[in-house]
Amino acid sequence: LQREEAAAVFQRIDHVGVAVPDLDAAVAWYEQTLGMRCLHREVNQEQGVREAMMACEPAAGGGLAGPGGLVQLLAPVSPESAVARFLDRQGPGLHHVAYAVDDVEAESARLRGLGLRLLYESARKGTAGSRINFVHPKDAGGVLVELVERPSPAEGRA
Ligand code: V0V
Ligand code: CO
């Protein structure tokens, strides 16, 4: 793998995921204590989460890709969800790092070709119309790595 090639596909950090037991309490804490803003809330049944996207500063243009970066607060929707298991095992805290890529299927295939385990055969629905897949934390230095393909502006903002 060429370093230039890897740098070209992992474009930037899209967001950092944080597991929390109580979403409303966490949103209030990030707003009131850290001065961050909640840009978006969503329930994703397939991923088993209620989530909130918090921005470090008012995003230029109001989009989800604010220049100050995003923290995704994740609370479980059921005791069987991945985030519930995480909270049971290690308590609240850093859960994943998500990187923006142009083409989540192509990037998943490239990483699979290097022998990394991708969690899904094909990308699934993520926040705000994005397509997502994950690299297993055991194949990524102990970090759950998310790949995010944002919808093009034309199809986005559903
Ligand atoms: C588990 N492990 C982790 C981890 N979760 N290590 C780092 N970060 C995490 N988040 C470790 C765990 O401590 C074990 O280590 C090992 O991996 C295997 O654990 P396991 O018993 O198989 O753990 P499970 O059953 O909890 O499964 C882990 C995976 C699961 C990653 C496979 O959490 C999963 O399917 N995640 C993908 C879906 C997800 O996380 N959705 C929520 C975000 P030892 O003890 O063996 O050393 S949704 C989202 O981000 C959205 C919607 C979005 O951004 O748009
Ligand atoms: Co995420």
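Summary of values
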| item | result |
| --- | --- |
| Flag if ARG12 is under 22 Å from ASN133 (Cβ atoms) and either in contact with a helix residue (DSSP H, G or I) (Cβ under 6 Å, 6 or more places away or on another chain) or at pLDDT below 95 (or both) | yes |
| Breaking point among (1) of a type in the set (Val, Ile, Thr); (2) near ligand 1 (Cβ under 10 Å from one of its atoms); (3) closer than 15 Å to MET54 by Cα, for VAL83 | (3) |
| Any hit, segment 105-118, residues being touching a strand residue (DSSP E or B) at 6+ places or on another chain (Cβ under 6 Å) and within 14 Å of ligand 2 (Cβ to nearest atom) | no |
| Count - residues of segment 105-135 that are open to solvent by less than 20 Å² (accessible area, probe 1.4 Å) and either within 11 Å of ligand 1 (Cβ to nearest atom) or at pLDDT below 95 (or both) | 8 |
| Residues located in segment 16-30, provided they are surrounded by 14 or more Cβ atoms within 10 Å (Cβ to Cβ) and more than 24 Å from GLU80 (Cα to Cα) | TRP29, TYR30 |
| Residue check, LYS138 of a type in the set (D, E, K, R), within 8 Å of ligand 1 (Cβ to nearest atom), within 20 Å of HIS40 (Cβ to Cβ) and open to solvent by 20 Å² or more (accessible area, probe 1.4 Å) | no |
| First in segment 89-104 and free of Cβ contacts under 8 Å to residues at least 60 places away in the same chain, second anywhere and open to solvent by 30 Å² or more (accessible area, probe 1.4 Å), Cβ under 6 Å, 6 or more apart | VAL104/ARG131; VAL104/GLU149 |
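The values are calculated or read from the model by the stated rules, or taken from the named source; none is laboratory data. Every value quoted in this text rests on a predicted model; they were computed, and no experiment measured them. We place every Cβ from the backbone using ideal geometry, glycine too, and count neighbours over all the protein chains shown. Ligands, DNA and RNA are stripped out before the accessible areas are found, and what is left, the full protein with its side chains, is counted by its heavy atoms. Shrake-Rupley method; radii C 1.70, N 1.55, O 1.52, S 1.80 Å.
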